[in-house]
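Before any comments, here is the structure.
The values are calculated or read from the model by the stated rules, or taken from the named source; none is laboratory data. Given the structure is predicted, the values throughout are model-derived calculations rather than measurements. We place every Cβ from the backbone using ideal geometry, glycine too, and count neighbours over all the protein chains shown. Accessible surface areas use protein heavy atoms only, side chains included; no ligands, DNA or RNA. Shrake-Rupley method; radii C 1.70, N 1.55, O 1.52, S 1.80 Å.
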Amino acid sequence: DAGVIQSPRHEVTEMGQEVTLRCKPISGHNSLFWYRQTMMRGLELLIYFNNNVPIDDSGMPEDRFSAKMPNASFSTLKIQPSEPRDSAVYFCAAQMGNQPQHFGDGTRLSIL
Amino acid sequence: GEDVEQSLFLSVREGDSSVINCTYTDSSSTYLYWYKQEPGAGLQLLTYIFSNMDMKQDQRLTVLLNKKDKHLSLRIADTQTGDSAIYFCAATDSWGKLQFGAGTQVVVTP
C-alpha cells in the first residue's frame with residue numbers, strides 16, 4: 001500500500017492567497033485527520049472525518065480554514081485568505097477502526 | 001482533557017540504551033503510542049500498547065506502562081545513529097482522539 005499521500009510537499013505563497021492542501025488516505029481507512037505542527041504549539045488536531053463526515057472541527061483556528069472530504073479517497077484543507085501565522089507543516093493521517101493512525105509526509109507551508 | 005508530557009531532549013552514545021519517558025493525565029486512555037519523526041518527514045508509528053498491558057517488546061524496542069502512575073516509557077536497546085529523531089508519545093483521550101506530547105529530541109553520538 002502506498003500509505004497516506006499528501007500534496008504538495010512544499011508550498012510558498014504570498015499573504016492573502018488561497019492555499020489548498022490535498023490528502024489521499026489509505027484505501028479502506030475510514031477516519032481521516034488533519035493536523036498542524038509548529039515549533040510553538042507542537043501537533044494540533046484541526047479536524048477529523050469519519051466515513052467522509054466531519055465529526056469534530058473544534059481545532060480549526062478560524063473561518064479562514066475549511067476542510068472537505070467529498071469521497072473516501074480524497075480530502076482537502078483550504079486556507080483563504082492565508083496569513084503568515086498559518087506557516088506550519090500540515091499533516092494528514094488515516095485510521096482504520098481502532099487501529100493506529102498512519103501519517104503522510106506532510107505539506108510544509110510558508111506564507112510570506 | 002488529556003495532557004501528555006515528555007522530556008524535550010536526550011543525548012545517548014551509540015550502542016547504549018535510550019529511555020524516553022512520558023506521563024499522561026487521562027486514566028481512561030485505552031491506547032498509548034510512540035511515533036518517530038525524522039527531519040522533513042511525517043510521523044512514523046513505532047509501537048503502541050493497550051492499556052491492559054504493562055509491557056510490550058518488539059525487537060530493540062521495549063514499552064513499559066505503569067497505569068497507576070500514568071507513566072509510559074520507550075527503551076531502545078543498542079541505540080544506533082539512525083535512531084536520532086524526535087520521538088512523540090501519544091495517548092487517546094476520552095473521545096478517542098490522540099493527544100501528543102511535545103516530542104523528545106534524541107541525539108545519538110558516536
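Post the alpha-carbon centroid distance, segment A:55-112 to segment B:38-110, in whole angstrom.
About 24 Å separates the Cα centre of segment A:55-112 from the one of segment B:38-110.
How large a share of the accessible area of segment B:7-106, in percent, is made up of carbon and sulfur atoms when the probe is 1.4 Å and the other protein chains stay in place? Before the final figure, lay out the partial values.
Numbers: 2370 of 4840 Å².
The value for segment B:7-106 is 49 percent carbon and sulfur by accessible area.
Give me the percent relative contact order of chain A, please, defined on Cα pairs under 8 angstrom at least 6 residues apart.
Over chain A, the number comes to 37 percent.
So how much accessible area does residue B:17 have, in Å² to the nearest 10, using a 1.4 Å probe?
Result for residue B:17: roughly 50 Å² accessible.
I'd like the mean, over residues of B:96-104, of how many other protein chain beta carbons sit within 10 Å of each residue's own Cβ.
4
Nearest 100 Å², what total accessible surface is buried between chain A and chain B (probe 1.4 Å)?
Counting both chains, the buried surface is close to 1300 Å².
Report, to the nearest whole %, how much of the accessible area of segment A:36-112 belongs to carbon and sulfur atoms, 1.4 Å probe, protein only. Could the numbers behind the result be given before it?
Details: 1910 of 3820 Å².
Percent of accessible area from carbon and sulfur atoms in segment A:36-112: 50.
Which value, in nm² and rounded to one decimal, describes the direction-averaged projected area of the C-alpha convex hull of segment B:28-88?
Projected over every direction and averaged, the Cα hull of segment B:28-88 covers 4.5 nm².
Which listed residue (A:71, A:21, B:104) has the Cα farthest towards the positive end of the charge dipole for the protein assembly as shown, taking +1 on Lys and Arg C-beta and -1 on Asp and Glu C-beta about the Cα centre?
Projecting each Cα onto the dipole axis, the largest value belongs to A:71.
For the protein assembly as shown, what is Rg from Cα atoms divided by 2.2 N^0.38 Å, rounded to two decimals? Display every interim value, and only then the final one.
Working: Rg = 17.7 Å, N = 222, 2.2 N^0.38 = 17.1 Å.
In units of the globular-protein estimate, the protein assembly as shown measures up at 1.03.
Any idea of the accessible area per residue across the protein assembly as shown, 1.4 Å probe, to the nearest Å²?
50 Å²
Can you list the residues of segment A:40-61 that have at least 40 square angstrom less accessible area with all protein chains present than in their chain by itself, probe 1.4 Å?
At a threshold of 40 Å² (probe 1.4 Å), the residues of segment A:40-61 that become less exposed are A:43.
Determine the principal axes of the Cα atoms in chain A, then give the extent along each, sorted from largest to smallest and rounded to whole angstroms.
Cα extents, longest axis first: 38, 26, 26 Å.
I'd like the accessible area for residue A:18, computed on protein heavy atoms only with a 1.4 Å probe and all protein chains in place. Round to 10 Å², please.
Number for this one is 100 Å².
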